[in-house]
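A short worksheet on the structure shown next.
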Amino acid sequence: MNIRANHLPTAELQALDAAHHMHPFSDGDALAKRGVRVITHADGVMLTDSEGKQILDGMSGLWCCNIGHGRRELADAAHAQMLQLSYYNTFFMTSHPPVIELAETIARLAPEHMNHVFFASGGSEANDTNIRMVRHYWAARGKPEKTVIISRRNAYHGSTMGGASLGGMGGMHAQGGLPIPGIVHIDQPNWWAEGGDLSPDDFGIARARQLAEKIAEIGEDKVAAFIAEPVQGAGGVIVPPDSYWPEVKRVLEAHDILFIADEVITGFGRTGQMFGSQTYDLTPDIMTVAKGLSSGYAPIGGSIVADHVAEVINGGGDFNHGYTYSGHPVACAVAIENLRIIVEEKLVERVRTDIGPYLWERWKALTDHPLVGEAVQKGLMASIALTPDKSTRAKFASEPGTVGYRCRERCFANNLVMRHVGDRMIIAPPLTISHDEVDMLIDRATRSLDETYAGLKADGMLVSA
């Protein structure tokens with residue numbers, strides 16, 4: 001790819017960024033002193049920074065670039081739509097062709113019982129919608145006391161007041177008066193970190209039964225819904241034990257509450273099915289979608305709603321909720337073209353039968369490394385647990401995340417975007433990644449692990465807590 005330098009020098013860009021740009025999830029002063037890494041171009045699975053370095057994007061941007069970077073078809077779709085209808089809202093008894101077509105396309109791809117979509121600008125907004133929708137649903141059914149939503153610790157459901165409250169991340173709850181009332185949490189199905197002496201299957205069942213216990217504690221007449229990611233993404237790519245979801249299904253079938261599957265990361269092919277709920281044979285009442293809906297090319301998200309829920313919402317008078325950009329025509333046009341590519345290029349099938357299995361063969365071999373205790377994968381999302389002693393699943397004596405951060409820094413130095421969550425390393429590359437690019441990812445990951453291990457050994461940090 002011929003890259004033309006058409007930007008200010010890196011130091012000037014960093015100075016301007018530090019002076020004016022407030023970054024998400026960042027220590028602003030520390031970042032300003034260090035200087036940001038400026039990404040200027042992207043193509044396929046490769047990024048280019050302002051210094052001309054080629055970086056393998058092992059995280060699909062932020063879990064979202066499912067079809068890879070730089071697809072002209074999506075730019076053309078946006079351009080054509082901007083010229084025809086750049087914006088109009090979907091309030092006031094109004095619609096437009098792109099939102100109508102996208103809603104129908106999503107309904108066609110979704111599970112059979114889910115034929116309705118309420119649009120938002122992203123997953124956080126969509127999960128705020130879900131809070132209001134499930135509470136309005138029960139009120140419309142004459143049960144206004146059913147308002148409590150059960151979620152899981154270390155889950156991620158966005159960073160708005162509602163989304164962050166649904167999520168179970170302590171660092172987020174420590175700021176801004178979170179969680180809001182009416183949201184409670186049970187434990188996550190993370191066997192490696194929390195399984196103790198239980199087998200994975202016994203642990204999975206025990207964690208699933210916490211849902212039944214929490215419903216009994218609160219009272220079924222007070223519980224509106226349970227929300228969960230099929231695979232926890234931002235929490236560290238936590239793939240639950242095989243016993244977990246069947247037991248959760250049994251609990252849900254035994255109780256009159258709604259199930260919200262947060263498919264913001266797992267939707268549109270990431271797990272080898274169109275939706276993660278299909279991978280685990282789940283039957284959600286609402287699915288939250290975003291990210292892969294447009295492959296990140298335009299901000300769009302939504303709630304895919306089951307027929308029986310939509311019937312109540314649509315028949316209950318005005319649903320006094322919505323966003324300026326609900327069903328934005330340009331975002332819808334981009335999403336339509338993105339979904340066309342996913343379907344016509346058979347990317348979901350490719351994840352399931354080709355690149356997913358190939359990645360797993362290479363990824364699971366990382367457990368041979370002395371620093372890696374566990375490797376897990378589901379489709380094109382995977383993680384490894386770093387440990388000083390894999391035989392005991394030990395944690396490091398250092399502050400949690402210290403080792404993971406050091407490994408992430410070595411990844412950056414080796415031109416690989418591989419994220420750390422605590423002392424767990426995670427990837428979710430574009431669904432278009434080739435076998436050769438998987439090999440490159442593994443080579444760079446292995447080099448980074450080697451360098452991390454050598455540094456820990458030299459600093460006397462290979463110590464168990």
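Amide H to amide H, with H built 1.01 Å from N, N154 comes under 5 Å of G168, M169, G170, counting only residues 5 or more places away or on other chains. The range 451-465 and the range 298-371 have their alpha-carbon centroids 39 Å apart.
Kindly work out what percent of the DSSP beta bridges joining two residues of the chain are antiparallel, to the nearest 5. Of the beta bridges lying entirely in the chain, close to 65 percent run antiparallel. Per residue, the accessible area of the range 23-64 comes to 52 Å² when a 1.4 Å probe rolls over the protein heavy atoms. Only one of (i) -0.56, -0.88, -1.03; (ii) -0.41, -0.66, -0.80; (iii) -0.36, -0.61, -0.76 was calculated from the structure for log10 I(q)/I(0) by the Debye sum over Cα atoms at q = 0.07, 0.09, 0.10 Å⁻¹, and its label is (iii).
Less than 5 angstrom separates the built amide H of H116 from those of V305, all sequence-distant by 5 or more or on a different chain. Think of it as helices only: each DSSP H run of n ≥ 4 in the chain is worth -39500 (n - 2.57), and spread over all residues that comes to -12000 deg cm²/dmol at 222 nm.
If I take R0 = 56 Å and measure r between the Cβ atoms of E51 and V184 in this structure, what FRET efficiency does the formula 1/(1 + (r/R0)^6) give, to the nearest 0.05?
Efficiency, from the Cβ-Cβ distance: 0.75.
Considering only G70, Y137, M82, and ranking their Cα positions along the charge dipole of the range 56-202 that arises from unit charges at the beta-carbon of Lys, Arg, Asp and Glu, the one farthest toward the positive end is Y137. If you take the Cα centroid of the range 1-72 and the Cα centroid of the range 115-187, the two points sit 31 Å apart.
Of the accessible area of the chain, computed with a 1.4 Å probe over protein heavy atoms only, carbon and sulfur atoms account for 52 percent. Each residue of the range 418-424 is assigned a 3J(HN,Hα), and the resulting list reads 10, 8, 10, 10, x, 9, 10 Hz, derived from the Karplus form 6.51 cos²θ - 1.76 cosθ + 1.60 (θ = phi - 60°), x at Gly and Pro.
Of the listed pairs K33/K364; K143/K346; K53/K395; K53/K291; K53/K457; K364/K395, which have alpha-carbon separations greater than 32 Å here?
Among K33/K364; K143/K346; K53/K395; K53/K291; K53/K457; K364/K395, the Cα-Cα distance tops 32 Å for K33/K364; K143/K346; K53/K395.
From the Cα gyration tensor of the range 106-186, with a ≥ b ≥ c the square roots of its eigenvalues, which class applies: rounded if a/c is under 1.5, or else prolate if a/b is larger than b/c, or else oblate? List each step's numbers first, then the result.
Working: a/c = 2.14, a/b = 1.36, b/c = 1.57.
Cα axes put the range 106-186 in the oblate bin.
Backbone phi angles across the range 331-336, fed through the Karplus curve with coefficients 6.51, -1.76 and 1.60 (θ = phi - 60°), yield HN-Hα couplings of 4, 5, 4, 5, 5, 4 Hz in residue order; Gly and Pro are listed as x. With contacts taken as Cα pairs under 8 Å at a separation of at least 6 residues, the chain carries a relative contact order of 19 percent.
Amide H contacts of E374: A385, each under 5 Å away and 5 or more positions distant or on a separate chain (H built 1.01 Å from N in the peptide plane; Pro and chain starts excluded). Full extension of the segment from Q175 to H113, taken as 0.36 nm per residue of separation minus the current Cα-Cα distance, would add 18.5 nm.
The values are calculated or read from the model by the stated rules, or taken from the named source; none is laboratory data. Here the structure is a predicted model, which is why all the values come from computation and not from measurement. Cβ sites come from the backbone with ideal geometry, for glycine too, and all protein chains shown count toward neighbours. All accessible areas refer to the heavy atoms of the entire protein, side chains included, with ligands and DNA or RNA removed. Shrake-Rupley method; radii C 1.70, N 1.55, O 1.52, S 1.80 Å.
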